[in-house]
Amino acid sequence: MVSTVTTSLADVASSDATLRAFLHGLPGVDRVGADQRAAMLGTRSIKTTAKAQAIDLAISMVDLTTLEGADTTGKVRAMCAKAMHTAEGAPRVAAVCVYPDLVAVAVSALKGSGVKVASVATAFPSGRSSLEVKVSDTALAVAAGADEIDMVIDRGAFLSGDYQKVFEEIVAVKAACGEAHLKVILETGELATYDNVRRASWLAMIAGADFIKTSTGKVSPAATLPVTLIMLEAVRDFRDVTGRQVGVKPAGGIRTTKDAIKNLVLVNETVGDDWLSPDWFRLGASSLLNDLLMQRQKLATGRYAGPDYFTLD
Amino acid sequence: MSRLSVRKTYKLFIGGAFPRSESGRSYVVTSPKGDFLANASRASRKDARDAVTAARKAFPGWSGATPYNRGQILYRIAEMLEGRRGQFAEELPLGKKAGLEQVDAAIDRLVWYAGWSDKIASVRGSANPVAGPYFNLSTPEPSGVVAVIAPSDPLLGLVSAVAPVIVTGNTAVVVASESSPLAAITLAEVLATSDLPGGVVNILTGHQAELAPWLAAHMDVNGLDLTGVADPDLALRCEQEAAENLKRVIRPSSPDWSADPGIGRMTAFMETKTVWHPAGV
């Protein structure tokens, strides 16, 4: 659909006017339709062996997250241990996600395990600071050994229509990332409309994002199913136009196995198998992992699991 | 023209709300003579799971409330029940006079247990003499979530099984009598209007054999009252399942509900914690 709007995405960002023309030229989102489709896909029944596979896949996609002011090195080490050894026979998680000052702790705890270290950056979660501060925040995390950077966009600039500023910030942070993958947090809970979610998704992808992520987890509502659906459609269409594949990470408010499986159904039905891997789809969560492990144990033992037998995070 | 009467839909009671069974099923409840009385919800194991979740959520608030407060709420349940004596007497399959007597006995039972709320710790706890500059105190504490397979005695038996569980601070998931569940759901309406926090008592109706083993096996249930299980094979299976996480299990044989209840049902679902406290300094 988008190929009719533009012939070359490279030209789109050449000026504020062309960027605005492109983003506002994107087709509008049918809000009722998106809500309805997400709700319909959420009713799919996934049972027994399919459920067991879905749970293990979801575990392998988790970005185990702790983003509290009260985080300590001890808490990060404990979380890293859990990330590597989730449960007997269960896969490890995809990554742990921490604040930049704790990246070094996570890197040393996870050395050689294959679990990636992601760090939030750019004045997370509000993103209210100067570009220099944001870039040096990113550089700090990269220097400490982060494999992935989760940046926030400047929602104030985005909502006031200053797309060029948002674009240039992403480009600058991407440059500061070097080898590290860049995830761009859109904070959809603050974007007000689904049309804005679609525009922000395209903006981030054109600017070079490797992943687009729904939320910081600090704003409610966070990762709702319709928003994830719209972002999945955006990455699908972006690949059709450019050939470049971009990952999606819903984060915030995904607490139960049911939520996780609904997300996987959404991926499968919207973008298909290509995205059903930890390289292209992640679930940002802190309390989700325990629920996944409890459901996993329920399937293995036939008895409902209780939180007394899982770690307190 | 005569008006159509509005008939009650008997639903479940989970987390302070009255949902239908997640499965959408119901079953026919008949009087002892075989006359149709109502369609009751037939709860599934997922309803049981939801009920346990609700009970677990309610536990910190309820067990953390002062014993005095819990006693007041139990007394409030008795007050509400008193106001509905006639309705319960009609719903019980006993006849008017015997029905009223049983309702009165159930109300008295609630008041009796309400009085125990702030006394049980004095009776079951102790200040232990130790050779050192410490206080050493043993206090009984609630176990957690207790699954109650309610006896077939529709009101007095139900109240006598649930009141001792909750008065000490446990929360309960109750499987009502399979043959006479209607009074249990009407009791839920009483509980819902008695300032009892949602989730402290959850009532399921349905087939005992379908629900009891799941509750007995549930790792987030801490106690199991098998009073209402008549089938010895089912009771044995439940006891074996309950051993997996060392639930506290009681299985009294044909109790006499009109007798003095004693404190055994309360203490069965309490655990004693002993703590050393430095004295003074």
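The values are calculated or read from the model by the stated rules, or taken from the named source; none is laboratory data. On a predicted model such as this, the values are computed, not experimentally measured, just so you know. With ideal geometry, Cβ positions are generated from the backbone for all residues, glycine too; neighbour counts draw on all protein chains shown. Note: accessible area is taken over every heavy atom of the protein model, side chains too, but ligands, DNA and RNA are not part of it. Shrake-Rupley method; radii C 1.70, N 1.55, O 1.52, S 1.80 Å.
Just to verify a result, which residue in the stretch A:46-87, among those that are free of Cβ contacts under 8 Å to residues at least 40 places away in the same chain and aliphatic (A, V, I, L, M), is nearest to A:Phe124 (Cα to Cα)?
Top of the filtered list is A:Ala70.
Residues that are in contact with a Pro (Cβ under 8 Å, 6 or more places away or on another chain) and surrounded by fewer than 24 Cβ atoms within 10 Å (Cβ to Cβ): does the stretch B:190-203 have at least one?
no
What is the one condition in (1) in contact with a helix residue (DSSP H, G or I) (Cβ under 6 Å, 6 or more places away or on another chain); (2) surrounded by fewer than 14 Cβ atoms within 10 Å (Cβ to Cβ) that A:Arg296 does not satisfy?
Result: A:Arg296 fails condition (2) only.
Look at the stretch B:216-236 and say how many of its residues are within 16 Å of B:Ser177 (Cβ to Cβ) and in a helix (DSSP H, G or I).
2
Kindly check whether there is at least one residue in the stretch B:246-260 that is part of a helix (DSSP H, G or I) and touching a helix residue (DSSP H, G or I) at 6+ places or on another chain (Cβ under 9 Å).
no
Going by the structure shown, is B:Ala147 buried (at least 24 other Cβ atoms within 10 Å of the Cβ), away from chain A (no Cβ under 14 Å) and within 12 Å of the chain's Cα centre (by Cα)?
In short, no.
Quick one: would you say B:Glu239 is over 13 Å from B:Gly157 (Cβ atoms), acidic (Asp, Glu) and either within 11 Å of chain A (Cβ to nearest Cβ) or assigned to a loop (DSSP other than H, G, I, E, B) (or both)?
Spelling it out, it is not the case that B:Glu239 is over 13 Å from B:Gly157 (Cβ atoms), acidic (Asp, Glu) and either within 11 Å of chain A (Cβ to nearest Cβ) or assigned to a loop (DSSP other than H, G, I, E, B) (or both).
Can you find, within the stretch A:15-53, the residue that is nearest to the chain's Cα centre (by Cα) among those that are part of a loop (DSSP other than H, G, I, E, B) and closer than 30 Å to A:Ala207 by Cβ?
Among them, the one singled out is A:Val29.
Counting only residues that are in contact with a Ser or Thr (Cβ under 7 Å, 6 or more places away or on another chain), give me the strands (runs of 3 or more DSSP E) lying completely in the stretch B:131-198 with at least 2 of them.
Passing ranges, in order: B:134-142, B:145-149.
How many residues, within the stretch A:181-206, are over 13 Å from the mean Cα position of the chain (by Cα), at negative phi and open to solvent by 10 Å² or more (accessible area, probe 1.4 Å)?
9
For the stretch B:70-127, give me the residue count where each residue is over 26 Å from B:Phe59 (Cα atoms), aliphatic (A, V, I, L, M) and open to solvent by 70 Å² or more (accessible area, probe 1.4 Å).
Qualifying residue count for the region: 2.
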